[in-house]
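The values are calculated or read from the model by the stated rules, or taken from the named source; none is laboratory data. Owing to the predicted nature of the structure, the values given are computational and were not obtained by experimental measurement. Positions of Cβ are backbone-derived with ideal geometry, glycine not excepted, and every protein chain shown enters the neighbour counts. These accessible areas exclude ligands, DNA and RNA; they are computed on the full protein's heavy atoms, side chains included. Shrake-Rupley method; radii C 1.70, N 1.55, O 1.52, S 1.80 Å.
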Amino acid sequence: MNVIKSVQLYIDKMIEEAGVGMKILLMDRETTSIVSMAFSQTEMLQKEVYLFERIDSGRSNERLKYLKCIVFIRPTRENILRLSNELKSPKYGSYFIYFSNVIPRTDIKTLAECDESESVREVKEVYADFLSINANLFSLNIPTCLHALNWYQDALDRSVSGIIGVLLSLKIRPAIRFKNGSNVAQQLAKKIFDTMNKESSLFSFRPPENGDAPPLLLILDRRDDPVTPLLTQWTYQAMVHQLLTIKNNRVDLSSVVGVPSELKEVVLSAEQDEFYEKNLNSNFGEIATTIRDLIESFQLKAKEQKKIETIQDMKNFVETYPQFKKMSGTVNKHLVVISELSMQISKKALLELSELEQDMVCRADHSAQLQKVKKLVAEERINIDDALRLILLYSMRYERHANCGTVGLLNALKARNGRTHLVPKMLEYISQYARTELFSTVKITDAVKLTRQLIKGMKGVENVYTQHVCVLKEILEEIFKGRSIDQHYPFINDVPAYRRPPKEIVAFIIGGATYEEAMAVHQLNQMGYRVILGGTTIHNSESFLDEVIAATNGAPFKHSRSLQAFHSASNA
Amino acid sequence: MFSDNDSEIIEGFLCPICRSDEKTAEDLLRHFEDEHSEEKDLISTFRDVFKSAKKKILNNLDEREISKAIESSLSINKSIIRVDFKGPQEIGIFKDHFEYFKAIRNPRLERYATETNKLIIRLNKLLTNRPTDPQQIKQHEQNLVPWIDGKLVKLCPSCAKSFFFTRRQHHCRLCGAIMCNECSHFLSIDESMSIINPSHEYPKPDSSQTDVIIKEPEDTIRMCEHCLHLLETRKEMQDGRLARPFITKLYERIETLKKEVMPDIAMYEKIIKSLYKGDSVYTIADASALRGKIGSIAELLDDLSKKALTLKAQQGSREEALHKSLRMGVIKFIKEYMLELPQIPVEDEIKKIQQKRVMELNQKIERDRRLAQEAFEKYDLCGDISYAATSSKTGSALRTVDNWSGYQEQNQTNANDPLIIQINIVKGYIKQAREAMRFEEIESLEANLKELQHEYWLKTQNN
């Protein structure tokens, strides 16, 4: 279960089928991202793919008949039209056509009728229809997927084809559970279920033997956990995304002061960068130590290089040299990233903030926490967006509290020209379930949680900055422990009861996953479970707030009437 | 292994039974045979342990900690991650539509093909024995293709405009259909010839000229859009199949070179490794010859890819991008596989190291053996046949490790021995193979030689 590998295997297959000779890869906007996240350009060169072209923009009329053309596009109507035109007057010698998902037969017919020069050699569906970020994390790059708390039709369709793609490329036919009470989750689950039945010939895998439960597809809703994307992150990949933003594995560093020109934009790919792969889930303290050690050992090496006296020295140096050279480039890159992160942490007082965030999320202590939030929100050194995050967390946490101080905090935020309108929107976005369950530390009914909380309190906390456990992790643990989750996560169809928990889970979060959740999944995988996480996109706090705004647009205000003053102010 | 229940850890040449420290290997062996001679079977085990320990120490001497340290610092959690996510993975599902595609495409193509073939045959007829006089040309054309009666057609079928005295009717010379002058297309005689006979080179018309309608009936053939399209499609397919631009030849050359050099690189690395191990299979001269060969291929590749850059291509065009990309591919290849070859060891020093090591090894082995022999003679264990056998066996194993030459000198008198002759023949082969740089051959021949030499040694031993 490795989503990067599954995309690579598909691409390798396409290239292999085209055979030897110079090749060009013709793609659309989305498949370009899909390919670029699986292979670097250098790797493609080694596979004899020398040119890349976008079918949807800036095409020239040059004819290069000695090139083989591999077409890898999504089966959209526009793409079919463009490809028909291409085939009518072919620019390249032969065509190997691959669609990233199920294509209607009529479209094949249209294309066949255009191929008058008999240049098509291959027409296939492959299912690399998702962006593989880590081995166990995929995204569909849908920045916002809801409107008035309901699906955008395009986003729903894209999510269905993306998930179908993941299932087919991993060869699993799962049972489907969805978050009870979430309309969007139920809709998506139903659509995927229907598609699986319609394409039953594709999904004809043998069911697991000896009574094992089938793999599970778990459809979740971001609205049930709007807290996780708002927290300050302390593991490498999550931090980089939170503070610098990762887009298709690329990080824009051009705004960083004093960055060398070749590092204005860096690629952070677990597949191509060993250091990153090893450390993307390390916390900041660990990674700082690791990189220091690495630099020290390189300095040692460099010193050694100067005093090569014996043959033995030379041999040792030469043997480690390629690795040394390869690594020194990466180390340089990570050094720039890490020092920028470290600069932002101190400038924005993130340690202080994070402590309060975690405290609010994990412990109930209203008056003290309100005091701290008030104090920090008013302080100039606290970034206005970070202040907003604090208020959002507070307002969700203590929405029903008798002495709720949200209005006061909003006034403070308004004084600093903060985006106050986001608070009522967030209160509309958070689901009913999350309202009652997310901060249920004081609920007597949930004995298990209460006991756990008590034990936690007695043991003391290992790390104040990473106490929070995301909802996803809790559910996955419940599932693997074999507890019944039917009440909150029912099956979309009747599934015979299995005594054993499923061995493989694909979890998909509507409204975007986060790198904190990716790390939780990674930890479970290290314990031997097999989980893949996906989301309509991968959020950091900022992109999540955009999602919240888009999702609540057009939705009636039910929960935040008291805050409407601020809402109308923002509309004006 | 003996300090399991002992809190103190002692180091040195310890006796495994009484644990006294004996300072040197010789002393220890003597001590062992003095004090614990009753434990016979232990002696052989002890010797084995001793030997393997020595081997380990000798090998480990040349491994540096730094490179290991770097590796280990880079490989946190390596084993754990690799288990689940780097294991072999099957390729996902795919679905083939090509059969259906062909079922739609091919009948259409066949229909077109027959039609096109008919047109080409007509074109051929039109061009053979073509009269020069315009009046006669018309007659010639009408004889070959029946023209449609002009009275039946009131409107031009392609632009739907009516015919009258300024918009006159024209006939397609290939199918006989009617159209107006605006909708007529013209194919030059030269182009027509090249369609009929694609393998023949005809003076190519200027590309700018093809779009311009040429109206001299002597040099062109008038035809309708449909016929022209069919002919053009055919011509393009032919061109595509016949086109072998220089870049493809260049590219093929580069790829063959790349493929050829890979085994050489692997071989070179093997030779260097074996040199450092102190094996005598390959010589430094082998390494440098092969390195030279790889180097010259690298240069050739570099030259070829540079040539690609000099090929004519419009600025900013796809072709130019391709040339650049080709060049980059070659540079990456050279960098990755050819530039980072390990250096050739300096001959004198490696020899010294080798000799020293071999000598040390020999001396130690000899000394140990002598000591053991003496000890056995001294303490009279001659009744023990099994030991004698082990001893001679160890001896033979040791012989194959070091160079054979010493023994050969002793037995120089036996020049007529068939084994010696065979050995010399094999040596000759090795020399030839070396000159031709066939290194795989050398390896198997060397193995062969060793076997022969061993056989010979056994033989002399028996005598």
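In table form, for the structure just shown:
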| read-out | value |
| --- | --- |
| Dipole of segment A:3-129, positive direction: furthest Cα of A:PRO75, A:VAL35, A:PHE52, with charges on the beta-carbon | A:PHE52 |
| Area accessible to solvent at B:HIS97, 1.4 Å probe radius, in Å² | 10 |
| Whole-Hz ³J(HN,Hα) from phi, Karplus 6.51 cos²θ - 1.76 cosθ + 1.60, for segment A:164-180, glycine and proline x | 4, x, 4, 4, 6, 6, 9, 6, 10, 10, x, 7, 10, 10, 9, 6, 4 |
| Rg/Rh for chain A, where both radii come from Cα atoms and Rh is the Kirkwood radius | 0.99 |
| Chain A, relative contact order in percent, only Cα pairs under 8 angstrom and at least six apart counted | 19 |
| Estimated FRET transfer efficiency when R0 is 30 angstrom, pair B:SER274-B:SER296 (beta carbons, to 0.05) | 0.85 |
| For residues of B:221-234, the mean tally of beta carbons on other chains within 10 Å | 1 |
| Mean ellipticity per residue at 222 nm, deg cm²/dmol - from DSSP H runs of n ≥ 4 across chain A, formula -39500 (n - 2.57) | -15500 deg cm²/dmol |
| Longest segment of chain A lacking trypsin sites (Lys or Arg not before Pro) that sit in a DSSP loop with at most 14 other Cβ atoms within 10 Å | A:1-263 |
| Restraint check, B:LYS95/B:LYS324; A:LYS68/B:LYS258; A:LYS23/A:LYS171; A:LYS13/A:LYS91, Cα-Cα greater than 27 Å | B:LYS95/B:LYS324; A:LYS23/A:LYS171 |
| Stretchable slack from B:GLN343 to B:LYS138, in nm (0.36 nm times residue separation minus alpha-carbon distance) | 65.8 nm |
| FRET efficiency, 1/(1 + (r/R0)^6) with R0 51 Å, evaluated for B:MET262 and B:GLN315 via beta carbons | 0.90 |
| Accessible surface buried once A binds B (1.4 Å probe; total of both sides; Å²) | 7200 |
| Amide H contacts under 5 Å for A:ILE510, placed H, 5+ residues apart | A:LEU220, A:ASP221, A:ARG222 |
| A:GLU16 paired with B:ALA447, simple spin-label distance in nm, labels 7 Å along Cα-to-beta-carbon | 3.0 |
| Cα-centre dipole for chain A with unit charges at Cβ (Lys and Arg positive, Asp and Glu negative), debye to 20 | 800 |
| Diffusion constant of segment A:502-544 at 37 °C, which comes from Stokes-Einstein with the Kirkwood Cα-pair radius and 0.692 mPa s, µm²/s | 306 |
| Carbon and sulfur %, accessible surface of chain A computed with the full protein complex present, 1.4 Å | 51 |
| Dipole magnitude of segment A:3-129, debye to nearest 20 (Cβ charges: Lys/Arg +1, Asp/Glu -1, about Cα centre) | 120 |
| Per-residue mean of C-beta atoms belonging to partner chains within 10 Å, peptide B:325-334 | 4 |
| Candidate residues B:PHE164, A:PHE193: accessible-area rank, largest first, probe 1.4 Å | B:PHE164, A:PHE193 |
| Surface accessible to a 1.4 Å probe, B:PHE163 within the full protein complex, Å² | 40 |
| Whole-number accessible area per residue in Å² for chain A, which is evaluated in the context of all protein chains at 1.4 Å | 41 |
| Under 5 Å, built H, 5+ apart or other chain: amide partners of A:TYR489 | A:ASN180 |
| Per-pair calculated FRET efficiency, R0 = 60 Å: B:GLU232 and A:ASN248 via Cβ, rounded to 0.05 | 0.90 |
| Threshold 50 Å² - residues in segment B:95-125 whose accessible area is reduced by that much or more when the chain is no longer isolated, probe 1.4 Å | B:LYS95, B:HIS97, B:PHE98, B:TYR100, B:PHE101, B:ILE104, B:ARG105, B:ARG108, B:LEU109 |
| Inverse mean reciprocal Cα-Cα distance (Kirkwood Rh) of segment A:3-129, Å | 14.5 |
| q = 0.11, 0.18 Å⁻¹, segment A:472-567: log10 I(q)/I(0) [Debye, one scatterer per Cα] | -0.49, -0.94 |
